[in-house]
Each structure stands twice: as structure tokens, then as C-alpha cells.
1. Please state the charge dipole magnitude for the stretch 284-358, taken about the Cα centre, from unit charges on C-beta atoms (+1 on K and R, -1 on D and E), reported in debye and rounded to the nearest 20.
2. Count the net charge of all other residues whose Cβ sits under 13 Å from the Cβ of GLY62, scoring Lys and Arg as +1 and Asp and Glu as -1.
3. Non-local amide H neighbours of TYR167 (under 5 Å, H modeled in plane, Pro and chain starts lacking H): which ones?
4. Please turn the phi angles of the stretch 45-62 into ³J(HN,Hα) values with the Karplus equation 6.51 cos²θ - 1.76 cosθ + 1.60 (θ = phi - 60°), one per residue in order, whole Hz, x for glycine and proline.
5. Starting from 0.36 nm per residue, how many nanometres of slack lie between TRP153 and HIS200 once their C-alpha separation is accounted for?
6. Could you list which residues have their amide H under 5 Å from that of LEU126, counting only those 5 or more apart in sequence or on another chain, with H placed in the peptide plane?
7. Within the stretch 1-93, report the trypsin sites (Lys or Arg not before Pro) that DSSP leaves as loop and that have at most 14 other Cβ atoms within 10 Å.
8. Rounded to whole Å and sorted largest first, what semi-axes of the equivalent ellipsoid does the C-alpha gyration tensor of the stretch 258-365 yield via the square root of 5 times each eigenvalue?
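Where a number appears in this text, it was derived from the coordinates with a stated rule and is not lab data. As the structure is a computational prediction, the values presented were derived from the model and not from experiment. Glycine gets a Cβ as well: all are built from the backbone with ideal geometry, and neighbour counts include every protein chain shown.
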Amino acid sequence: MTRRARQYIRDLVRIDTTNPPGNETAAAEYIRVALAKEGIATELLGPDRTRLNVIARLAGNGARRPLLLMAHTDVVPADPTQWTVAPFAARQKSGYLYGRGTQDDKALLAAHMTVLVEFKRRGVPLARDVILLGEADEEAGSTGIQWLIANAWAKIDAEFAIHEGGYAADTAAGLRLFHVQTCEKIPTRVRLTAQGSAGHGSSPTTDNPVVRLARALIRLNDADQPVYLNPTTRLYLGALSRIPQYEWLRDLLPKLENEAGSLAAANQLRSREPELEAMLRTTLSPTMIEAGVKINVIPSVAVGFIDARRLPTETRDEVLVRFRRIINDSLVTVEPAGGQQMPATEPSPTTTSLYVSMEKVLLESHSNARVVPYMSRGATDGAFLRAKGMAVYGAPIFLRTGPDSRAHGNDERIELAGFDSGVQLLWRIVNEAAAR
Ligand SMILES: [Zn+2]
């Protein structure tokens, strides 16, 4: 089984599906041929024939609603001058497979294919349909999943889905923490526009929009955003606090829940573990500014862009209203920036039979395992399915080694032994969840 999985991931990495432009049909076509060899029919569909999605379905007896195995076929661009190996060669080096997509998301795609093929080969009787979806355009516009939801919902409708976003990591104390992604922060793009009077650079003005924009950005950057826990982050931090390394969280947790003390507690947490802070509050990063055409001309307008990531419990309007209050300048307008909007969703519950199956298999897989629901900082196409009411889980089948995740980075790679055990974990999870 793992030999076949390694073949799939190598072949998929060698198909360049850099988005833009994507050309995901090449990957969809590869999957079609690979599954056809095993007697599994596929359907390629979508609005653009160079960017097709691929769907395959193994039929169960219908006793339960389907399980969707989903992964995206596209990858982000790779600049070969920044890599030590060719990004699409799938080179193997000291136990690692290198290449764009080895982490995000072709490892999962290959694992899904392998599980489907294994069910078919062994003729395992299923209590529910198992659907494989290789979707186009996750990395740029999410047009693949949105098209499928609008035009082919019946083909992907399921009780729950396994997708990307989860990960396993070992702690210093020898615990293996399996992070099941159950919700995610929502990208919220914001544009600030500062207005003022144009003039000669030799005559300073009080309403210089460059200065007003700079001041607005600093005020926003330095302000404390409010703290809210949701069911996922409450469970996650609670579970962490029961691990010796995170004992210090025990005193902080009640303070985080109490509005009066929450900001101080969040700042304390940031000083110890900055990564956890993003779980508590909406974050923002100013990323672009545009102003002026000449060094001796004061412009009449300056524009700044902010990549905010809001908590799923906040609406976009609530965030914009707060940003305006913090900036507190009538000459600076705060509006949503263009581009795609992700839906706000509730965390997927930890009580579904899939979550319970996943927990069982993961706990059995390691002598010192903990399974925790987790909210990711990054967004995935899972949000679109959650918005339709489907429970969606980022399965933590692959182990993250070292501090650096190289997804979207240079020299992206996956450890092959870890890949093999991830495939086996997925196989056991899907068996537990779908076999009769
Ligand atoms: Zn991804």
C-alpha cells in the first residue's frame, strides 16, 4: 500500500499545477488513469477544461451518509532559484521527498487515492459511500470548490469530510499532539484610505494623507484586539494546560474567559507562546501601502492594505467598526478590500462518529498521544463546506518535524517514513469510519 502511495505522490509532484494558472486537469487526468487501472470510475468536471476537478465514488450499502476525502490538486508558485533542488522533480534525498506540493497538498491527495484503491482491491464492504475529491484552485480563488457546491453538490454532499489543515507534532516531553483542524480563522482584507490636501512638499500640511495613513496603521497595529474563546480553542487550550510543559496555562485560562482580565492574560500568553495568541483574537498585518508620485508633491490620497484574520465568531462588520474606532480619524476610511470573501462558520463538532473514530485510531497509534481540536490561522476550502453544514476535519496524519513547516516555502519536503505512516493512519481512520 505504501509503495503505491509513494508512486502517487512522486507522480503528482512531477505534474506542475502551479496556480496561477493551475492546469489542474493534468493532475485530474493522472488520477483518472491511475484509478481506472484499479477499476474505479472517475468524473472530471468544472467550468474550465484546463482546470477540472476530479471525483470518484466507492459505493457503500447506504446505511450511513457518505464520507468525503478531499484534497486540492493545485500548488503555489515555486521560484527555482531559491530552491536547492528542482521544485517539480520529486527528488529523494536523505529520507525526504522534495518538491512543491509534498506537504501542501499532494501528500494528502496521494493518501486519499491509496485508501480508495485499497478498499477496492480488498473488496471491503462499506456502510457508507466514500468519495474522493481532487479540487482545483484552492490556492488562489477557491473557484473549484465554489463551482462544485453550486453545480454538483449531490456529487460531493457527505456527512463529513477529511481535508488538509491538521498536523501532528511531538513535544519536548515526548508527547505526540495530534491537532485535528475543526475550524479556521477567516481572511478579512481591509483597505484604509487617507484623504488630505495636495500641495508642495516645501509647505507642510496638517492633513498630509501619508502621515495620517501611517498613524492609522500604527494605531491599529498597537491596539489590543478583544479576546474570545470558542468551543475549539477552549478545548485546545484546556488540553494543553494538562500537559506538564503548559502547566502555566492553568492560571491564565479563567482569566482569558473573564472580559476584565482577558487582555492582560492574552498579553502574558503572547510573551510566553506567541503562536497561541492568534487563537485568542483577530490579528492583522499591514502588507501594502500606495501613495504619491513625486518626492516634492504631497499627494491627496494614501492607501494601505491590511491582511486581517478574524475569529470565526466575529462578523466582518464588527471588525471594521472596531478598526474605525481604534483609528479614530474622520479623514481615514476603513472598508473591505476587494477579492474573495470566505464564509464565517461554526467549528465542526468533536462528537461526530468521524471525530471519535479519528481519536480512537490516533490514540492507539502512539504510546503517549493526545488528540486535540484546533483552529488554524490559515484558511482552507473546508470553510465553504462547513458553511454548507458539513462537518470538516483536517486530519493530523502527517508528523511535522522541526520548527519549520515548509508548506508554501522553499525546499518543501516530506519525510518518506512519516508519509508512509500517515497513509496507514488514514487507512485505519477511514476503515473505522466507513467499513461495515
Ligand atoms: Zn493547502
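1. 140
2. In short, +3.
3. Amide H neighbours of TYR167, under 5 Å, 5+ apart: HIS179, GLN181.
4. With coefficients 6.51, -1.76 and 1.60, one gets 8, x, x, 10, 6, 8, 10, 7, 8, 10, 10, 9, 9, 9, 7, x, 8, x Hz.
5. Contour length minus Cα-Cα distance gives 11.0 nm.
6. Correct list: ASN61, ARG436.
7. Answer in residue order: LYS37, ARG49.
8. 38, 18, 15
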